[in-house]
Every structure is written in structure tokens, then in C-alpha cells.
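As C-alpha cells, the structure follows; a few thoughts come after it.
The values are calculated or read from the model by the stated rules, or taken from the named source; none is laboratory data. All of these numbers come straight from a predicted model, not from anything done at the bench. Heads up, the Cβs are rebuilt from the backbone with ideal geometry, glycines too, and the neighbour counts pull from every protein chain shown.
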Amino acid sequence: MSSDRDILFPREVRSQHSCARLSENEPGDHGFVRSTWFAMLGAHCFAGKSVLYMQAQIKDAKAVLPVVDEGDHAIALANYYSFAYGPIFTGADDDGLKLELLRQIAVELRRKYRRVSFYPLIENEDGIVEIMRRAFAKAGWIALLTDQNSNHTLDVAKRDFAAYWATRPGALRSSVRRKGKNSPYRFRIYDHVTQNIWDEYRAVYSASWKNAEPYPDMVRAIADEAASRGALRLGMAYGHGGTPVATQLWTIEGDTGCIHKIAHDTAHDKGSPGTLLSQHMFAHMIDVERVAHIDYGTGGNSYKRDWMERERAMLRLDCFDPRKAKMWLPALKTRISQLVRRPS
């Protein structure tokens, strides 16, 4: 059995992608707004659906907005696996240029659809959410933003793990100290996937409180694709006899550690292997990987507040064609819902 700080990294890490790219000069090679991510979603979660990559180009600047055709309604090519959604830009550094590219796409969408919806959107410093709203409004849509969920994040701010851990709630630190004393669990972090490792992951997940995974091939694709670029960190906790009892699937996206999946065998609730694995993963990400941020993904689950320090809104942009009378009532209902937006 390995030590409790065993990290299994192969000597060579593959760099090729498992999914085709939409653009040869796509900026960045990570995250959730990139062609590889959208291709995985289309293949594994929207199979049988018509996926459209709406495009606009002005000289060397280009925008691609992936959507799913739902009849007279188009939706973002995104779901609960997506930490964020947005357009892919190449060669467009100016906000005015981005606005015009998206306006052109919005005009094209209005030729076919009476409603389009985009979620999840995250308000960042780049201001892209507001640019999207303005672009669709300029194209003649009624464009409304509403809060739909929340996202918990942590800004590490150059702290080491000890400094971060000292700020955690006393109840959490006390629980980890108590449960960690004479703990039978050992931990490993993998940056690659074999069938045996994945079978262990699946065994833990099936023995947890979680519902059956709706798209298991997508989760495997996330792990494989991240491993291909050296971004996978799959944590496992093992009990007596090397039995897997807890797992966490993380990826490193740029300077951010992203938590995709967590699960533990409920038969081991008393020993809290999931909590102990979380401490192990956070310590590794902060002290070894030196990430600047940690993102807990979609959902405002209360337990996330013990580990994270910032909560921000996940927004939905709904756009209605005012030329269609049937869109007036849903537009009104969406407008009313804006009155109860969560505080940021």
C-alpha cells in the first residue's frame, strides 16, 4: 500500500486531444469554453440532437456559439457537467468587435428560432455575459438575465495549505482532526486512467448516495481528455485491503482546480473518507499544484461553504422574439423573476 501522500504520475504525458477541434488557432487549451469540450458534450450528452456551431467573422476575428436545436427553441450546448458557457472567440480582443460578432450570430438565430436560452453563464472580469445580452438586444431580441444557481469558488491568494486550513470552520477542522487520527485510509492521486482505476471509481460511485450517472461515457471522456493534456487529478481513498472507499475527479484548467465529481461509499460514513480525501486533495492542489483558484462547479450545496470562500451567481440569458405573440407571456414571467435575483 502506498503512503498517504502517494501521487502516481507517469513519466510521459500525452498532449493530443481525443476530440476534433473547431478551430486550428483556438486560444487556450483548457476550460469549458473550447471546441474540445463542446465536441465531447455533443457526442456524449446530445447524441441524436442537432448541434449547430453558429459562426460570424469580421476580417481575422471570429466567434463561434454552439447551440442545440430544440424545434423553435435553441439552447446552449451545455448541461450540469459545464462549469460555464460562452462563445469561442479567435482574433477578437476588442469588446466592440465581440459585440458585433455576437450581434450577427443573434440575427441569424432570429431567422429560425423564436426563443434562445444560454446557461450557465458566469459574470467575470471579461464582461462577456453583458456583451452577450447587449448583442442579442441589438439584434431585436428581448434579452433577459436571471439568476438560476450559484457557484462556489476559492481564491487561494498565494496562501499555502496551512494558512488556508486555519481559516476553515472550526467544526470542519475538528472533524478532520478527530477522524484523521488513526485513520485506516490511504490516498492516491492519479493523472492517468486505466480500466482498473476506472472500475474503482465506478465501484465507489455506485456505492455512494449519488443517483446513477446519466451520461457515464461523458465522465470517462472528461477524465481521458484531461489525462491526455496532463490535467487530470483523480483522487482515491482506500480502506483495509486496498478497497476503494472514496473518490474525487478534479481537473486543472489553467490556474484553477475544478472539482467535477465527489463520492464515497456510504458504508464508511462513520470514518468520513470523503472529507479526509477532500483535505488531501485541497492540500495537494494548493501546495503541490500551486493553483490560484479552486472551483466547485454548479450548485449551491451548503457543504461547499465549508471549503470555499466566495459564492457567485450562475446566470441564464433568455432571449425572446417580440414578433411572436406567444413569446410575450414567457418574456413577462422571466422579467418578473429578475426582481428576485440573488445578491452576488
Within the stretch 164-184, residues under 19 Å from Asp306 (Cβ atoms) and not small (Gly, Ala, Ser) come out as Tyr164, Trp165, Thr167, Arg168, Pro169, Leu172, Arg173, Val176, Arg177, Arg178, Lys179
The condition of being aliphatic (A, V, I, L, M), in the same structural domain as Leu276 (by TED's automatic domain parsing) and surrounded by 15 or more Cβ atoms within 10 Å (Cβ to Cβ) holds, among Ala143, Ala135, Ala207, only for Ala207
State which residue pairs qualify: first residue on the phi < 0 side of the Ramachandran plot and inside the stretch 64-77, second residue among the hydroxyl-bearing types (Ser, Thr, Tyr) and at pLDDT below 95 in any location, beta carbons under 9 Å apart, and separation of 6 or more residues or different chains.
Val64/Ser23
Would you pick out the residues in the stretch 48-77 that are farther than 20 Å from Arg110 by Cα and either of a type in the set (Gly, Ala, Ser) or outside the structural domain of Arg103 (by TED's automatic domain parsing) (or both)?
Gly48, Ala61
I need the full set of residues from the stretch 149-179 which are among the small types (Gly, Ala, Ser) and touching a Ser or Thr at 6+ places or on another chain (Cβ under 8 Å), in order please.
Ser175
Taking the stretch 88-114, which residues are out of contact with any helix residue (DSSP H, G or I) (no Cβ under 6 Å at 6 or more places or on another chain), part of a loop (DSSP other than H, G, I, E, B) and not hydroxyl-bearing (Ser, Thr, Tyr)?
Gly91, Asp93, Asp94
Out of the residues in the stretch 159-178 meeting the condition of being basic (Lys, Arg) and free of Cβ contacts under 8 Å to residues at least 60 places away in the same chain, tell me which one is farthest from His293 (Cα to Cα).
Arg178
Some residue of the stretch 117-130 being over 20 Å from the mean Cα position of the chain (by Cα) and assigned to a loop (DSSP other than H, G, I, E, B):
no
Those residues that are surrounded by fewer than 14 Cβ atoms within 10 Å (Cβ to Cβ) and either at pLDDT below 50 or not in a loop (DSSP other than H, G, I, E, B) (or both), I need them from the stretch 22-39; list them, please.
Glu24, Asn25, Pro27
Using the structure shown, decide if Arg186 is in contact with a strand residue (DSSP E or B) (Cβ under 9 Å, 6 or more places away or on another chain), outside the structural domain of Glu70 (by TED's automatic domain parsing), basic (Lys, Arg) and surrounded by fewer than 20 Cβ atoms within 10 Å (Cβ to Cβ).
yes
Is it the case that some residue within the stretch 36-46 is in the same structural domain as Thr334 (by TED's automatic domain parsing) and polar (S, T, N, Q)?
no
Among the residues of the stretch 293-325, how many are over 17 Å from the mean Cα position of the chain (by Cα) and of a type in the set (A, V, I, L, M)?
2
Write out, first by first residue and then by second, each pair whose Cβ atoms fall under 6 Å of each other, whose residues are 6+ apart or on separate chains, and whose first residue, in the stretch 219-243, is touching a residue at least 12 places away in the same chain (Cβ under 8 Å) while the second is assigned to a helix (DSSP H, G or I).
Ala221/Met40; Ala221/His44; Leu232/Ala223; Leu232/Ala226; Gly235/Leu277; Gly235/Met281; Ala237/Pro273; Ala237/Leu277
Are there any pairs, at least 6 apart or on different chains, whose C-beta atoms fall under 9 Å, with the first in the stretch 304-319 and in contact (Cβ under 8 Å) with a residue 24 or more places away in the chain and more than 28 Å from Arg173 (Cα to Cα) and the second charged (D, E, K, R) and in a helix (DSSP H, G or I), and if so, which?
Leu317/Arg133; Cys319/Arg110; Cys319/Arg133
